[in-house]
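Engineer: Structure below; questions to follow.
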Amino acid sequence: MRSRFSAIFAPRVRTTRKGWFAIATVREVVFDLFRRLGMTTIFGNPGSTELPFLKDFPDDFRYVLALQEASALGMAEGFAQGAGNAALVNLHTGPGLGNAMGAMVTAWHNKTPLVVTAGQQDRRHIALEPLLAGKLVDLAKPYVKRSFEPVRAEDVPGEMLRAYHTAMMPPRSPVFVSIPMDDWDAEAEPLEDRAVVYRTAPDPEALAALAEVIEGANNPVMVVGAGVERAGAFHDAVALAEKLRAPVWQDPISPFASFPQDHPLFQGHLPPAQKHLAARLDDHDAVLVLGAPVFLYYPYVPGPTVPDGTRVLQITEDPEEATRAAAGDSLVGDVGIAIRTLTDLLPEADRPAPPRREPTPVPEASDPMTVAYVMHTIAGAVPDDVAVFDESASSKMTLHKHVLLKSPGGYHSSAAGGLGFCMPGSVGYKLAVPERTVVCVIGDGSSMYSIQALWSAARYGVHVVFVVVNNSGYSILKGFRDAIGAGDKVPGLDVPDVDFVSVAKGLGVNAERITDAGDLAPALKSALAAARPHLLEVVVDPAVPKLLS
């Protein structure tokens, strides 16, 4: 019987340059490799050290230009999340890589597979440290899985293949390769295909023992994280929860939604603080954490990790998440395999299903609009399979209460805590999944970190609806200020008088400013029906929300 791996491991004919093969250049071999890996879209902002790579650009490739390197990397991350494959980013030596490093931090924490390259200076005079020579390997190293510059030009194709497999191996992450600009024209051997199967099953005996603990629990609860979505186990998690009749929480500050948020078992999002999180898990004697850290916190609010007497059982694809867990026992391996195995091992629970969480009250229209009204209106306008990119910062908890994501790939955000991902990320995602409705909900302050992405959206006709929630400041910081008792005399928290409509139109995106609650729903309907990107600047009440509620 042929398995689905039969084609992967089928015998191959080894090819060499001897015989009928013509001599190839590094550049030709690498472009052929990219074709075979399905990486024919390249994101970048070119410079002189990248021109030897980009010359005579192949007709079957697509180059997506960003006006700044952070936007290039952010678009590539969104594209990788949509395509389910590593995306290729080409940056401009040290300054370009430096510009992109904030975005690289987000990709690292989101566990997004990227192959990131930058042009190094010409080998023939690099010892003289000419202009644009840089310490690229060291610059990238803290936030990539591997950072390398090939010793010889002919090593570049093999290093690119290694970079791809390294990026795709769980836990997925960006990989960086520095390539001297004269390497591309050097001779290279054709590259032999080789397969790597990335999935690693959890230890079956340990998984069986974990199942016994869950079966013996009186009141278990599930906490789902981004690893569930990354493993393609969104619906599998539903089957497990229904078999256990267990309530389900989304982990704090998650970059993905890993459970349908309108499901009767879904309880909401855990707060990112010890005391508050433990209170949510009170009365549960077993906590099954799937594809998430234990736990990701933001403000320091001391308290127990979980209530006394509660057993924590974590399953993660990331050994680092397992070793740093604050409590409980951890099992490392493919989260999807683990969930499906547990579903088979565990009997149907005979306990009553937990009560549904209370519905969120419908907010009323007001002048100015509340954030709750804006999020409720967005929820009523978008289809069930929408992909929401959320960089709403202080409005995030309100978004979670009203905009309930129901399908895989429905939610995207940053697990790093930085800003600048969602605007370019939404553009890249839409390029990968053009048939899906994509909405980017972003704060006024957040939007300015990668506003250049609007130009790329317009240039490539990418239909994303950008909703800028404008409260004229860094409201999330005001909430943190209030939470730590810093007083009112903290500078730099107000950002008045930015004309987002003019900025968007100047970058080629249709835009309008919404101040009246009655205009919001029709404007959203029109923007969603358009064939090009559209930005709505929605002015809201600047009242500062509580950091934790």
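The values are calculated or read from the model by the stated rules, or taken from the named source; none is laboratory data. Please read these numbers as outputs of a predicted model, since none were measured by experiment. With ideal geometry, Cβ positions are generated from the backbone for all residues, glycine too; neighbour counts draw on all protein chains shown.
Engineer: Examine region 448-463 for a residue that is of a type in the set (Val, Ile, Thr), crowded, with 16+ Cβ neighbours inside 10 Å and out of contact with any Lys or Arg (no Cβ under 8 Å at 6 or more places or on another chain), and state whether such a residue exists.
Structural biologist: First, the residues of region 448-463 that are of a type in the set (Val, Ile, Thr): 451, 462.
Those left that are additionally crowded, with 16+ Cβ neighbours inside 10 Å: 451, 462.
If we keep only those that are out of contact with any Lys or Arg (no Cβ under 8 Å at 6 or more places or on another chain) too, we end up with 451.
Yes: region 448-463 contains one or more residues that are of a type in the set (Val, Ile, Thr), crowded, with 16+ Cβ neighbours inside 10 Å and out of contact with any Lys or Arg (no Cβ under 8 Å at 6 or more places or on another chain).
Engineer: Of all residues being aliphatic (A, V, I, L, M) and in contact with a Leu (Cβ under 9 Å, 6 or more places away or on another chain) in region 116-164, which is nearest to Met75 (Cα to Cα)? Just the residue, please.
Structural biologist: Quick first cut of region 116-164, residues aliphatic (A, V, I, L, M) only: 116, 118, 126-128, 131-133, 136-137, 139-140, 144, 151, 153, 156, 160-161, 163.
Those still in the list that are in contact with a Leu (Cβ under 9 Å, 6 or more places away or on another chain) too: 116, 118, 136, 139-140, 144, 160-161.
Numbers: Val116: 12, Ala118: 16, Leu136: 21, Leu139: 21, Ala140: 18, Val144: 17, Met160: 20, Leu161: 22 Å.
My answer is Val116.
Engineer: Of the residues Leu91, Leu114, which single one is closer than 15 Å to Met181 by Cβ, at pLDDT 95 or above and over 11 Å from the mean Cα position of the chain (by Cα)? Walk me through it before giving the result.
Structural biologist: Numbers: Leu114 fails: closer than 15 Å to Met181 by Cβ.
Every option except Leu91 fails the conditions.
Engineer: Further question on the same structure: Determine whether region 111-131 contains at least one residue that is among the basic types (Lys, Arg), farther than 18 Å from Val30 by Cα, crowded, with 18+ Cβ neighbours inside 10 Å and not assigned by TED's automatic domain parsing to the domain that holds Ile451. Give the derivation first.
Structural biologist: Step one: of region 111-131, the residues among the basic types (Lys, Arg) are 111, 123-124.
Now narrow it down to the ones that are farther than 18 Å from Val30 by Cα: 111, 123-124.
Restricting the remaining residues to those that are crowded, with 18+ Cβ neighbours inside 10 Å gives 111.
Adding the requirement that they be not assigned by TED's automatic domain parsing to the domain that holds Ile451 leaves 111.
Within region 111-131, one or more residues are among the basic types (Lys, Arg), farther than 18 Å from Val30 by Cα, crowded, with 18+ Cβ neighbours inside 10 Å and not assigned by TED's automatic domain parsing to the domain that holds Ile451.
Engineer: Does Ala241 fit the bill of being more than 29 Å from Met169 (Cβ to Cβ) and either in the same structural domain as Ile315 (by TED's automatic domain parsing) or hydroxyl-bearing (Ser, Thr, Tyr) (or both)?
Structural biologist: On the way: more than 29 Å from Met169 (Cβ to Cβ): no; either in the same structural domain as Ile315 (by TED's automatic domain parsing) or hydroxyl-bearing (Ser, Thr, Tyr) (or both): yes.
So Ala241 does not fit the description; no.
Engineer: Across region 329-364, what is the total count of residues that are surrounded by 13 or more Cβ atoms within 10 Å (Cβ to Cβ) and closer than 30 Å to Ile514 by Cα?
Structural biologist: Qualifying residue count for the region: 2.
Engineer: For region 100-128, give me each residue that is among the basic types (Lys, Arg) and without any contact (Cβ under 8 Å) to a residue 60 or more places away in the chain.
Structural biologist: At the first step, the residues of region 100-128 found to be among the basic types (Lys, Arg) are 111, 123-124.
The one that is among the basic types (Lys, Arg) and without any contact (Cβ under 8 Å) to a residue 60 or more places away in the chain: Arg124.
Engineer: Return the residues of region 464-495 that are without any contact (Cβ under 8 Å) to a residue 40 or more places away in the chain and either surrounded by 24 or more Cβ atoms within 10 Å (Cβ to Cβ) or among the basic types (Lys, Arg) (or both); say none if nothing qualifies.
Structural biologist: Arg481, Lys489, listed by residue number.
Engineer: What are the residue pairs meeting all of these: first residue in region 298-317, first residue over 19 Å from Val213 (Cα atoms), second residue modelled with pLDDT of 90 or more and among the basic types (Lys, Arg), Cβ atoms under 7 Å, and 6 or more apart or on different chains?
Structural biologist: Short answer, once both residue conditions are applied: Val301/Lys275; Pro302/Lys275; Gly303/Lys275.
Engineer: Right, here's the next one. Mind listing whichever residues of region 512-549 are under 26 Å from the mean Cα position of the chain (by Cα), surrounded by 14 or more Cβ atoms within 10 Å (Cβ to Cβ) and not charged (D, E, K, R)?
Structural biologist: Within region 512-549, Leu524, Ala527, Leu528, Pro533, His534, Leu535, Leu536, Val538, Pro545, Leu547, Leu548 qualify.
Engineer: Further, regarding this structure: Starting from residues that are over 14 Å from the mean Cα position of the chain (by Cα) and acidic (Asp, Glu), keep the ones in region 220-255 and report whichever is farthest from Ala416 (Cα to Cα). Step through it out loud before you land on a result.
Structural biologist: Taking region 220-255 first, the residues over 14 Å from the mean Cα position of the chain (by Cα) are 220-224, 232-252.
Imposing the further condition that a residue be acidic (Asp, Glu) reduces the set to 236, 242, 251.
Values: Asp236: 27, Glu242: 31, Asp251: 14 Å.
Filtering region 220-255 for residues that are over 14 Å from the mean Cα position of the chain (by Cα) and acidic (Asp, Glu), the one farthest from Ala416 (Cα to Cα) comes out as Glu242.
Engineer: On to the next question. For region 63-148, give me every one of the helices (runs of 4 or more DSSP H) that falls completely inside it and has 1 or more residues that are closer than 21 Å to Ala226 by Cβ.
Structural biologist: 69-83, 93-110
Engineer: Going through region 338-367 one residue at a time, which ones are of a type in the set (A, V, I, L, M), more than 23 Å from Ile315 (Cα to Cα) and in contact (Cβ under 8 Å) with a residue 40 or more places away in the chain? Step through it out loud before you land on a result.
Structural biologist: First, pick out the residues of region 338-367 that are of a type in the set (A, V, I, L, M): 338-339, 342, 345-346, 349, 353, 362, 365.
Cutting the leftovers down to more than 23 Å from Ile315 (Cα to Cα) gives us 353, 362, 365.
Listed by number, the residues that qualify are Ala353, Ala365.
Engineer: Return yes when Ala233 is touching a residue at least 24 places away in the same chain (Cβ under 8 Å), of a type in the set (A, V, I, L, M) and more than 28 Å from Phe389 (Cβ to Cβ) and no when it is not.
Structural biologist: Details: touching a residue at least 24 places away in the same chain (Cβ under 8 Å): yes; of a type in the set (A, V, I, L, M): yes; more than 28 Å from Phe389 (Cβ to Cβ): no.
Against the criterion (touching a residue at least 24 places away in the same chain (Cβ under 8 Å), of a type in the set (A, V, I, L, M) and more than 28 Å from Phe389 (Cβ to Cβ)), Ala233 does not qualify.
Engineer: Can you name every residue in region 149-159 that is touching a helix residue (DSSP H, G or I) at 6+ places or on another chain (Cβ under 6 Å) and either within 25 Å of Glu320 (Cα to Cα) or part of a loop (DSSP other than H, G, I, E, B) (or both)? Explain how you work it out, then say what you get.
Structural biologist: So in region 149-159, the residues touching a helix residue (DSSP H, G or I) at 6+ places or on another chain (Cβ under 6 Å) come out as 149-150, 153, 156-157.
Matches in region 149-159: Glu149, Pro150.
Engineer: Could you list all residues from region 416-440 that are of a type outside the set (A, V, I, L, M, F, W, C) and either part of a helix (DSSP H, G or I) or at pLDDT below 95 (or both)?
Structural biologist: So in region 416-440, the residues of a type outside the set (A, V, I, L, M, F, W, C) come out as 417-418, 420, 424-426, 428-430, 434-437.
Across region 416-440, the qualifying residues are Gly417, Gly418, Pro424, Gly425, Ser426, Gly428, Tyr429, Lys430.
Engineer: Considering (1) closer than 19 Å to Ala217 by Cβ; (2) in contact with a Pro (Cβ under 6 Å, 6 or more places away or on another chain), say which one Tyr297 fails and leave the rest.
Structural biologist: Status for Tyr297: all satisfied but (1).
Engineer: Could you list, in sequence order, all residues of region 132-162 that are farther than 30 Å from Tyr429 by Cα, out of contact with any Pro (no Cβ under 9 Å at 6 or more places or on another chain) and either surrounded by 15 or more Cβ atoms within 10 Å (Cβ to Cβ) or hydrophobic (A, V, I, L, M, F, W, C) (or both)?
Structural biologist: Ala133, Val151, Glu154, Asp155
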